[in-house]
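Quick notes on the structure that follows.
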Amino acid sequence: MFCTKLKDLKITGECPFSLLTQSGISDENEDECAEVPNSSKAALPICREKTTHGNLPQRKTSRSRVYLHTLAESICKLISPEYERLYLAFQRTLANNKIKEIRNSEEREDFEKLITDHANASGVPVNIMKESLGEELFKICYEEDEHILGVVGGSLKDFLNSFSTLLKQSAHCHDAEKKGRLEEVSILCLEKDPDFLNVYYFFPKKTTSLILSGIIKAAAHILYETEVEVTVMPPCFCKDSAEFINQPYLLYSVQVKSAKPSLSPCKPQSSLVIPASMFCKTFPFHCMFDKDMAILQVGNGIRRLLSRREFQAKPNFDEWFEILAPKINSTFSGIMTMLNMQFTIRVRRGDSTLKRSTGVMDLKGQMIYIFESSTILFLGSPCVDRLEDFTGRGLYLSDIPIHNALRDVVLIGEQARAQDGLKKRLGKLKATLEQAHQALEEEKKKTVDLLCSIFPGEVAQQLWQGQVVQAKKFNNVTMLFSDIVGFTAICSQCSPMQVITMLNELYTLFDYQCGELDVYKVENLLHQFVLLERGIKLVRLFE
């Protein structure tokens with residue numbers, strides 16, 4: 001029944017429920033089932049889609065879009081693979097080289113020893129086994145994240161240089177960092193010659209060093225249709241490099257054998273000389289320093305920040321700047337190990353009398369290694385979002401070049417703050433109007449109560465509505481004049497509070513009875529009380 005439904009849905013392949021009940025399946029349905037591919041190519045059975053008339057729309061998966069955390073996740077699986085993924089790549093490597101697995105232990109073994117044992121038993125060179133392992137791992141990751149790995153970089157150099165930045169800028173791999181898998185991962189690719197690349201792997205991990213050469217070769221072939229030869233340079237050659245003194249790293253030499261023709265040349269045919277003054281004006285927040293960390297050149301914006309300080313011939317980098325991120329030593333080799341990271345440096349205060357908020361400026365940007373002069377160029381922008389941050393530093397909005405997006409950020413921030421201020425003012429005005437409206441309603445209620453206490457309700461309503469009160473004539477009216485007999489003698493024998501209490505209790509009772517009998521109190525003066533009523537209702541008050 002289930003397989004019949006699958007046929008109606010145009011889905012072919014071996015049904016898992018058909019293994020349990022074979023009697024309910026016809027031979028015609030069995031012929032449509034596709035064979036399971038080789039396990040070395042795919043770990044799970046893959047159902048082939050049956051050809052149908054017309055092009056049916058395909059449903060997009062949730063991973064069709066590329067986000068920062070998906071990029072970091074894909075590169076994390078590539079650089080620091082899990083044991084199961086690495087073991088699957090190892091099995092594919094053995095199948096490609098037609099090597100029989102010596103032992104199949106459930107316990108996790110040392111992969112370097114595992115590769116060495118199989119290479120010695122089969123006669124295949126160890127470096128070929130490692131390279132094949134890296135290629136198979138890249139293919140596994142590419143099968144899962146083809147659309148993600150394809151957008152990392154436009155060239156092999158950019159692809160490798162993006163690893164460190166994507167891993168550090170994403171919070172997805174924090175768990176891996178806590179486990180030590182991504183601690184201080186840094187890969188730097190420099191162009192030595194048009195056909196040679198030097199790939200530096202700093203703070204190398206044992207597992208990554210086994211697969212990196214194969215990853216480089218497979219990435220060049222699959223992503224960029226380029227054939228390369230990767231060679232791991234010996235440690236003695238690595239020590240000859242003056243850029244990375246006392247820095248642990250592995251050096252991979254990549255030779256480009258054949259590359260896909262490019263529409264545009266990688267390098268310009270002729271070099272143009274840009275005057276230093278023009279460069280300092282175009283990039284006002286840059287600095288350039290050599291291997292000795294001596295500052296060779298700074299932009300006009302940094303010069304404004306340092307206007308209170310005397311310029312030396314070649315000041316040291318530490319005298320003017322402080323590296324806030326990443327956490328490295330302020331040395332040339334230390335910066336080179338994290339060259340692909342985003343740097344945040346702080347311009348030190350030039351005058352101790354200045355406040356910290358006015359004398360400090362943080363710059364965020366990129367370190368660029370200039371191979372021809374063995375120098376590093378820092379291109380950055382101020383870490384500000386409002387015009388007030390420029391106040392007291394000698395900077396103006398014009399100091400931010402037009403091509404820098406920071407200008408738009410500052411202006412948009414100012415506009416947003418202006419809108420927020422207007423919103424707050426409107427909120428305060430609304431609250432004030434609500435309070436005034438509430439107070440007005442209370443005063444209206446007091447006015448109505450006062451009118452109702454002075455005039456009859458009908459007359460008070462007409463007066464409140466602004467109508468003219470017409471005089472009325474009544475033929476039968478009863479008036480009551482009351483007085484307290486001997487009030488003067490009573491007052492002479494009582495205290496003032498006793499008199500007030502007596503009058504209050506007496507006239508409170510009168511007011512209550514007036515409301516019950518619907519009579520109108522004309523006047524209440526001292527101990528005298530005057531009532532007016534139509535009819536005989538007043539008589540009941542004194543019965």
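The values are calculated or read from the model by the stated rules, or taken from the named source; none is laboratory data. Every value quoted in this text rests on a predicted model; they were computed, and no experiment measured them. When we count neighbours, we look across all protein chains shown, and the Cβ atoms used for this are built from the backbone with ideal geometry, even at glycine. Ligands, DNA and RNA are excluded from the accessible area calculation, which covers all protein heavy atoms including side chains. Shrake-Rupley method; radii C 1.70, N 1.55, O 1.52, S 1.80 Å.
Quarter the surface of the alpha carbon convex hull of segment 423-493 and you get the mean projected area, 10.5 square nanometres.
Counting only Cα atoms, the size of segment 400-534 along its three principal axes is 100, 45, 20 Å, in decreasing order. To put it simply, the accessible area of segment 390-454 at a 1.4 Å probe is 63 percent carbon and sulfur. Counting charges near Ile99 (Lys, Arg +1; Asp, Glu -1) among other residues having Cβ under 12 Å from its Cβ returns a value of +1.
Which entries of Lys130/Lys168; Lys192/Lys217; Lys445/Lys473; Lys168/Lys205; Lys364/Lys423 show an alpha-carbon separation above 21 angstrom in the structure shown?
Among Lys130/Lys168; Lys192/Lys217; Lys445/Lys473; Lys168/Lys205; Lys364/Lys423, the Cα-Cα distance tops 21 Å for Lys130/Lys168; Lys445/Lys473; Lys364/Lys423.
Computed over protein heavy atoms with a 1.4 Å probe, the accessible surface of segment 186-226 works out to 35 Å² per residue. Of the peptides 294-306, 325-337, the ranking by mean beta-carbon count within 10 Å, highest at the top, reads 294-306, 325-337.
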